[in-house]
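Student: This is the structure, below, for whatever I ask next.
The values are calculated or read from the model by the stated rules, or taken from the named source; none is laboratory data. Keep in mind it's a predicted model, so treat the numbers as computed, not measured. Positions of Cβ are backbone-derived with ideal geometry, glycine not excepted, and every protein chain shown enters the neighbour counts.
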């Protein structure tokens, strides 16, 4: 990961942490992301939840209308420890 990428993640992380409460976070999310981007982020969270419940990759893909590769990416991120809070 490049230094610039690491700095960008830190910048966004600080911004998200500065939001106090659901309303403040909601305004931040609405300001940063398009409606389609928000929908995609929610879909990715659903993939993670389904994977953690043990649902097969193909069933998740069919249920959510995504490719198996997208589900596999979510599984790989879980293995890397990135979704402990989901």
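Student: Condition first: surrounded by 12 or more Cβ atoms within 10 Å (Cβ to Cβ), at pLDDT below 95 and part of a loop (DSSP other than H, G, I, E, B). Can you find one or more residues in segment 12-24 that meet it?
Tutor: Among the residues of segment 12-24, at least one is surrounded by 12 or more Cβ atoms within 10 Å (Cβ to Cβ), at pLDDT below 95 and part of a loop (DSSP other than H, G, I, E, B), which makes the answer yes.
Student: Residue pairs, Cβ under 7 Å, 6 or more apart or interchain, first in segment 65-82 and in the same structural domain as residue 54 (by TED's automatic domain parsing), second surrounded by 12 or more Cβ atoms within 10 Å (Cβ to Cβ) and part of a loop (DSSP other than H, G, I, E, B). List them.
Tutor: Filtered contacts from segment 65-82: 77/83.
Student: Of the residues in segment 57-83, how many are over 18 Å from residue 40 (Cβ atoms) and out of contact with any helix residue (DSSP H, G or I) (no Cβ under 9 Å at 6 or more places or on another chain)?
Tutor: Summing the residues that are over 18 Å from residue 40 (Cβ atoms) and out of contact with any helix residue (DSSP H, G or I) (no Cβ under 9 Å at 6 or more places or on another chain) in segment 57-83 gives 3.
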